[in-house]
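K.L.:
What follows is a single structure, and I will ask about it in a moment.
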Amino acid sequence: MRAGPNSRNASPGRRTRVHVVSDVHGNTEALARAGDGADALVCLGDLVLFLDYADHSRGIFPDLFGVENADRIVALRTERRFEEARDFGRGLWAGLDRNAAIVAAVRKQYAEMFAALPTPTYATYGNVDIPGLWPEYAGPGTTVLDGDRVEIGGRVFGFVGGGLQTPMRTPYEISDEEYAAKIEAVGPVDVLCTHIPPEVPELTYDTVARRFERGSRALLDAIRRTRPRYALFGHVHQPLARRMRIGDTECVNVGHFASTGRPWALEW
């Protein structure tokens, strides 16, 4: 387990404040202010903006192929016509080096966003992130954790990044077994930080996209078994329920930071 700020010298008379963000999706301006007034920033991933479902003119996809094509692929995905969406996308990418174009665009976004992160920041990956690039951009003030723990102000935070496999095939989707192994490696903590929510219908249903996103059964089981004070996550941009209790644990979707620009605050 790694040591965070105030972990060794936590005093009963000193309060600790942590700000938490998720689903940044290119909102660099707000990210630069997200740590104001806090002892630390926790980032639960999805820094990359590939396609903004609320504003189809923003992101890597419309920059490459235009807004009209972005409108089309969003419509297909929203209607769950995933095979048609993949066929449409393949036609657009024909003759282009897809990997090179995406990586170049992601590098540009990462350079801006990691430079905006305050010190200290504790971050894990979202499903649209590319973990292999993070070591190039994460400075000494940013600690990247995935299946690991850190102590902040006397409380133990556990981190598990990424998402589970879906028809969307986003960059950092892993198997249920690999995800469960990372949850197990974290073990009991005070605050369990993940990108995706536990597998609870109210927490996984997106009211705007009108579909269930994938939540984790292993995460839900761990919450019930280890009873952290908080389980914090993002991923579902417009959830049916933003928070609920599971036993002793307060489960909180910290919000779609790309649209709100406001961190969720935890203080003790």
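K.L.:
For region 53-78, enumerate the residues that are assigned to a loop (DSSP other than H, G, I, E, B) and in contact (Cβ under 8 Å) with a residue 60 or more places away in the chain.
P.N.:
Within region 53-78, the first condition is being assigned to a loop (DSSP other than H, G, I, E, B), and the residues that meet it are 53-59, 66.
Once the filter is applied, which keeps residues that are assigned to a loop (DSSP other than H, G, I, E, B) and in contact (Cβ under 8 Å) with a residue 60 or more places away in the chain, region 53-78 yields 53, 54.
K.L.:
Still on this structure, I have one more. Kindly provide the set of residues from region 5-44 that are outside any strand (DSSP E or B), among the aliphatic types (A, V, I, L, M) and at pLDDT 95 or above, ordered by number. Lay out the reasoning, then the answer.
P.N.:
Of all residues in region 5-44, those outside any strand (DSSP E or B) come to 5-16, 22-39, 44.
Right, trim to among the aliphatic types (A, V, I, L, M) and you get 10, 24, 30-32, 34, 38, 44.
The answer is 24, 30, 31, 32, 34, 38, 44.
K.L.:
All but one of (1) outside any helix (DSSP H, G or I); (2) within 20 Å of residue 233 (Cα to Cα) hold for residue 119, so report the exception by its number.
P.N.:
(2)
K.L.:
Being charged (D, E, K, R), within 17 Å of the chain's Cα centre (by Cα), part of a loop (DSSP other than H, G, I, E, B) and farther than 30 Å from residue 89 by Cβ narrows it down to one residue among 262, 214, 169; which is it? Break it down stepwise before answering.
P.N.:
Details: 214 fails: farther than 30 Å from residue 89 by Cβ; 169 fails: farther than 30 Å from residue 89 by Cβ.
Answer to the selection: 262.
K.L.:
Applying the selection to region 220-242, what residues are of a type in the set (A, V, I, L, M, F, W, C) and either touching a helix residue (DSSP H, G or I) at 6+ places or on another chain (Cβ under 6 Å) or part of a loop (DSSP other than H, G, I, E, B) (or both)? Before the answer, list the steps.
P.N.:
If we filter region 220-242 for residues that are of a type in the set (A, V, I, L, M, F, W, C), which is where we start, we get 220, 222-223, 231-233, 236, 240-241.
Selection gives 222, 231, 236, 240, 241.
K.L.:
Tell me, which residue of region 67-84 that is of a type in the set (Lys, Arg) and at pLDDT 90 or above is surrounded by the most Cβ atoms within 10 Å (Cβ to Cβ)?
P.N.:
Our first condition is that a residue be of a type in the set (Lys, Arg); within region 67-84, this holds for 72, 77, 80-81.
Keeping just the survivors that are at pLDDT 90 or above gives 72, 81.
On the way: 72: 18, 81: 13.
Ranking the qualifying residues of region 67-84, first place goes to 72.
K.L.:
Let me ask you something else. Is there a residue being among the basic types (Lys, Arg) and over 17 Å from the mean Cα position of the chain (by Cα) anywhere in region 235-247?
P.N.:
Kept after step one, since they are among the basic types (Lys, Arg), are these residues of region 235-247: 242-243, 245.
Next, only the ones that are over 17 Å from the mean Cα position of the chain (by Cα) stay: 245.
The answer is yes; a qualifying residue exists.
The values are calculated or read from the model by the stated rules, or taken from the named source; none is laboratory data. On a predicted model such as this, the values are computed, not experimentally measured, just so you know. FYI the Cβ positions are ideal-geometry reconstructions off the backbone, even for glycines, and counts take in every protein chain you see.
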